[in-house]
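These notes are about the structure you will find just below.
The values are calculated or read from the model by the stated rules, or taken from the named source; none is laboratory data. Computed from a prediction, not measured in an experiment: that's the story for all the values here. Cβ placement follows ideal geometry from the backbone for every residue including glycine, while neighbour counts extend to all protein chains displayed. In case anyone asks, the SASA skips ligands and DNA or RNA and just uses the protein heavy atoms, side chains included. Shrake-Rupley method; radii C 1.70, N 1.55, O 1.52, S 1.80 Å.
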Amino acid sequence: MAVELYQNAMTAGDVGGVLGLATAYMSDFVEEANCEQAENLLKDLLYIETAAGRSGSEIGVQAALRLGLLLLAGDSLPTIEDRARGVALLEQAASPAVESPPARKTQLDAWFYLYTFAGAEWAARYRRFPALRQAAEGGHAPAMFLLGKWYLSDAEGGANDELGLAWLLRAARAGSSSALLVAGECFLRGHTPKHWTIRMRWPYGEDKRLSVDLFQQAVDKSNFYGLVPLAKCYKAGLGVSADTAKARELKALYSVYKLKCPKACTTPIV
């Protein structure tokens, strides 16, 4: 339904419809998910806004953010990946020409993705931690999540496990789907996820029922990774009544979306 509405808006000449349709193709739970089509739409939208002298408009900046993310976010679609162009577009989105709450939100998102994907090539030119902390303290949920990871990683000599776990929980409560998954794993086991280099006790205790709820919230935010632990909970009866049919359904759904749009499964929908 959403795809049809965006298509109608685009046909009527609404550039917002182009942006909405590209976003749906990138990450939504829609049958029509198509990352290549999203890339083409975003490139066309940026061309239109630039030709009209509106490259710094809210629509133009949001298009730059999404296209930059597509170009940076992974190697599952080599024909799309272009790291240098992706970094340049995210830097463009991080410096909006207009001042407004939506532009500020886009700027914070761009900081987050630069911090996540651009790595040393971006950090060498920017003092990234002050910007990250500013975004987190400003209420930006993805930045809260990264700040928690920063404190846990000993990056730049800043290790503080207690603060790190506290920021991860704050990020989950603020709606970061990545933090929802981590918090779900922690509440499920009573310690940090198995794949982490250092295992730490989760100071907030175990709550398997809450874990299931957190995994479901992540899925509701189009974070495809949440389908995997949710399926495990249903299979083993952790926090819910065991339901092997439901577990198979969730695993199959994850496989479908991973096959249909692989970059949607490698791009964190934070």
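Taking a 21 Å limit on the Cα-Cα distance, which of the listed pairs Lys149/Lys194; Lys194/Lys232; Lys105/Lys194; Lys221/Lys251; Lys208/Lys232; Lys194/Lys246 fall beyond it?
Lys105/Lys194; Lys194/Lys246
Identify the residues of segment 190-227 with backbone N under 12 Å of a label point that sits 7 angstrom from the Cα of Arg173 along the Cα-to-Cβ direction, or state none.
Backbone N within reach: none found.
Under a point spin-label approximation (7 Å from Cα along Cα-to-Cβ), what is the Glu36-Glu162 distance to one decimal in nm?
Each label point lies 7 Å from its Cα, and together they span 5.4 nm.
Rounded to the nearest percent, how much of the accessible area of segment 177-238 (1.4 Å probe, protein heavy atoms only) is carbon and sulfur?
The value for segment 177-238 is 51 percent carbon and sulfur by accessible area.
If R₀ is 25 angstrom, what is the calculated FRET efficiency for the pair Ala245 and Asp213, using the beta carbon separation as r and rounding to 0.05? Mind showing how you got there, number by number?
Working: r = 21 Å, r/R0 = 0.82.
That gives a FRET efficiency of 0.75.
Using protein chains only and a probe of 1.4 angstrom, how many square angstrom of Phe215 are accessible, to the nearest 10?
Spelled out: Phe215, probe radius 1.4 Å, area about 0 Å².
At 7 Å along the Cα-to-beta-carbon direction for both Asp44 and Ala88, put a label point, then send me their distance in nm to one decimal.
Once both label points are built, they end up 2.3 nm from each other.
Between His191 and residues 5 or more places away or on another chain, which pairs have amide H atoms under 5 Å apart, with H built 1.01 Å from N, and which residues are they?
Sorted by chain and number, the residues that satisfy this are Trp202.
Excluding ligands and nucleic acids, what accessible area in Å² is computed for Ser222 using a 1.4 Å probe, to the nearest 10?
Accessible area, nearest 10 Å²: 10 Å².
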